[in-house]
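Below is one structure; the comments refer to it alone.
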């Protein structure tokens, strides 16, 4: 079918060179099922683990097989796509919007967003700077601390800085136990809990399998509260939700494989407390210059320090059990309506940014 001028060519990017490859595939499948074919000319494009862009037909076939893996271009007679050609609009009056559903590095960290900026293609979600900031947990915490937002105690280091002095600092400044995380990854991949200095070494080694920077955080005893944010300059916050892990902490299996974590939407919070976490979520995305969408995750110590910002996800999961769409559903916005608004926000930001001059002028 040749798309009419009124339909938007919606390019859904999924897969990617990341340990979160499978999660991205499942998110894409759900988005493709929910998108209105009368409003969108749907073009799914998969990115293999080795970075090749795969034609739409092969991408759809991979999703129907269960989204476990994308076919590489060297399998049979498949040919890798030319990236810019794949993103280009098809004819006059046929707008294109990209939906990057690429969790983790090489997708959520500003790299693909930079490519889309260079190609002049509107895209859903945070821009280059915000994507890079929010992907790096250490950079996120440093920026939020600068803006005075509440955080748990933390330390960060590069692999070349991990020595006895760092281990001593962890024990003295954070105390035991601690959580150790790769700085640039999500979906709880590579995260370990360390009860003492000997366990810290093993946890650091696990985190360094995924990134050269690590973040070590004090262990928090508190509730896990999440807020979804939607919008550009005038964003709004959803009702808060609560994650109730079935394990010691909310790990990858709890989120995606077993699906045993409980999600309470909305969270059971007094009205004033819910309003406070919504305010903090809005302040967080403002400090990080996030457009489009984000899920802001908090720890809630009560009694104690109250809400502490944990991390910010600029491409939150869109699987059937994901918190982000569930929060908006509870806030009165259905899944298809959420997708429509994200596309409209992408086009609005592109129009706004396109007004700036690229010459020196007079």
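Only the coordinates and a few stated rules stand behind these numbers; no lab work does. Predicted model, so just to flag it, every value in this text is computed and none were measured. Here Cβ is always computed from backbone atoms with ideal geometry, including for glycine, and neighbour counts include all displayed protein chains.
Side notes on the structure shown:
- The stretch between residue 355 and residue 302, if pulled fully straight at 0.36 nm per residue, gains 14.3 nm over its current Cα-Cα span.
- Between residue 348 and residue 202, the FRET efficiency estimated from the beta carbon spacing at R0 = 45 angstrom works out to 0.40.
- Taking other C-beta atoms within 10 angstrom as a stand-in for reagent exposure, 209, 223 fall in the order 209, 223, fewest first.
- Multiplying the residue separation of residue 271 and residue 118 by 0.36 nm and subtracting their alpha-carbon distance yields 50.7 nm.
- Per-residue extension of 0.36 nm, minus the Cα-Cα distance of residue 164 and residue 279, leaves a gain of 37.4 nm for this segment.
- Cα shape, region 223-351, gyration tensor, a/c 1.5 rule: oblate
- Modelled FRET efficiency - R0 25 Å, residue 36 with residue 236, Cβ distances, 0.05 increments: 0.65
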